[in-house]
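A short write-up of the structure that comes next.
The values are calculated or read from the model by the stated rules, or taken from the named source; none is laboratory data. The model shown is predicted, which means the values in this text are computed figures rather than measured ones. Cβ coordinates were reconstructed from backbone atoms using ideal geometry, including for glycine residues, and neighbour counts include every protein chain displayed. We work out accessible area using only protein heavy atoms, side chains counted, and drop any ligands, DNA or RNA first. Shrake-Rupley method; radii C 1.70, N 1.55, O 1.52, S 1.80 Å.
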Amino acid sequence: AASARNDRSHSMPKHERIQYREAVREMFQHAYDGYLEHGYPESELRPTSCVGGPFELCKLSLVTLIDAMDTLAIMGNRSEFQRAVKLVSAHADFAVDRNVSVFETNIRVLGGLLSSHMLATDRELALMDDDEYGGELLSLAADLADRLMPAFNTSTGIPYGTVNLQSGVPKDETVISSLAGAGSLSLEFSVLSALTGRPEYSEASQRAVRALYQRRSVLGLVGKHINIRTGKWVESILGIGSNADSYFEYLLKMYLLFGDEAWWDMFSHSYAGIERYLKHGDWYADVDMYSGKARRQRFENLQAFWPGLQALLGELDAAARSLNAFYLVWRDWGFVPEEYDYVQWGNVPGGGHQRYPLRPELIESTYLLHRATAEPSWLWAGRDFIDSLQRWARTSCGYATVRDIVTLELEDEMPSFFLSETTKYLFLLFDED
């Protein structure tokens, strides 16, 4: 323990930083090769049985490959990026009779197509040879978005959570949508409008966000679930974790990307309410949106994006305090579980609360805060992330979800975001370029 503390008191030598960066590159390559050899063209790799399988919320082919293409570019693998673009361009097909989650399809597939299209057409990066790419990924993105658009045909403008890619909204689809699911479509849809010149995508997705924001309480808080027909909140509890997290992230990133002051106003009012009512020391509780009273005091893995958002905002002291608190869970257990009791300082048994499904949020926040502050201790935290993943989650063909962080039993699942986010942010943490 004393040795570890001494390590963290000084900067990481450059050769060691490069060593960890290359270790992450190898992690990515091991899992990427495993998917291509054993999982392609299925949605995902099953990393303990080394076969392919569907992602239940988005049963489409190639999800992992589409999601991972931009990581190939960021790691400088030009030849494999080119090959992946050609594979997706030739084989992706969304004209299928399948029900998909609008939210998951948006962030993994539509987002993956758009980011890779922009990388492929960036002349300074020169990832594609001249006349080798004709905008196929953008055409696929527009086709997919057209198939998602029926979700927005509601009286409130707040979308359904599921669509069938051939027939539209299923007849028995629920009228209850989550804050994150309905309010985290604006970045991808607005970028698609900017690239295609078709405004309907941005108009629909931005209308949904305004409809959610306009239904905030007098405290400036919203709820986690809403009836999209009546516009009434059916869950009036608010937290920054599950079913809510990315709504707030998208408010800030829409402002950063497009510069529209309306997004800054919505974000800053929402942020002020959260910091006033949800913040409990260095942690964040779930509270009643009308009274502001705490209803649930648990840390969720998904909350770990918040310090990164604060780093983007420039609130560096607050970001460091929360990130330090969240990191303590990883330090004590080797991973962060889906839920953790920060009051009693212990795991929450049952219900899958002790799972770690290879999520990127804590790692992303660590990268962003290190980039903002150059504080070397975050590199040592990154070393801990790598060590845990290598020791406990690695399999012969990929990396597996940890079913229980206490017993370290594995689950036969490698979500696409392991390649598109978890390894990407680890790589960027150690990559000085």
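Where the accessible area of the chain is counted over protein heavy atoms with a 1.4 Å probe, how much of it, in %, is carbon and sulfur? Roughly 47 percent of what the probe reaches on the chain is carbon or sulfur.
What do you get for Rg/Rh of the range 226-272 when both radii come from the Cα atoms and Rh is the Kirkwood radius?
Working: Rg = 12.3 Å, Rh = 11.9 Å.
Rounded to two decimals, Rg/Rh equals 1.04.
Taking 4.7 Å between beta carbons as the limit, the unpaired Cys residues of the chain are Cys58. Taking GluC sites (Glu not before Pro) in DSSP loop states with no more than 12 other Cβ atoms inside 10 Å as exposed sites, the chain has its longest site-free stretch at 133-431.
Explain nothing, just the number: dipole magnitude of the chain about its Cα centre with +1 on each Lys and Arg Cβ and -1 on each Asp and Glu Cβ, in debye rounded to the nearest 20.
Numbers: 41 positive and 60 negative charges, 251 e Å.
The dipole magnitude comes to about 1200 debye.
Quick check: from the Cα gyration tensor, does the chain come out rounded (a/c under 1.5), prolate or oblate?
Values: a/c = 1.45, a/b = 1.04, b/c = 1.39.
Here the chain falls in the rounded category.
Decide, for the range 217-337, between rounded, prolate and oblate: order the square roots of the alpha carbon gyration tensor eigenvalues as a ≥ b ≥ c, take rounded if a/c falls under 1.5, and otherwise choose prolate if a/b is larger than b/c, else oblate. Don't jump to the answer; show the numbers that get you there.
Numbers: a/c = 1.81, a/b = 1.21, b/c = 1.49.
The shape class here is oblate.
Below 8 Å between Cα atoms, with a sequence gap of 6+, how large is the relative contact order for the chain in percent? Before the final figure, lay out the partial values.
Values: 794 pairs, mean separation 78.6, N = 433.
It comes to 18 percent, rounded to a whole number.
Calculated mean residue ellipticity, 222 nm, the chain: -14500 deg cm²/dmol, from DSSP H runs (n ≥ 4) at -39500 (n - 2.57) each, averaged per residue and rounded to 500.
For a quick check: with amide H placed at 1.01 Å from N, whose amide H comes under 5 Å from Val163's, ignoring anything fewer than 5 positions away on the same chain? Close amide H contacts, sequence-distant or interchain: Val100, Val102.
In Å², what does the accessible area per residue of the chain work out to with a 1.4 Å probe? Don't jump to the answer; show the numbers that get you there.
Numbers: 17280 Å² over 433 residues.
Result: 40 Å² of accessible area for each residue.
Ordering Leu113, Met75, Val102 by Cα displacement along the dipole of the range 55-140 toward the positive end leaves Val102 in first place; charges were set at the Cβ atoms of Lys, Arg (+1) and Asp, Glu (-1).
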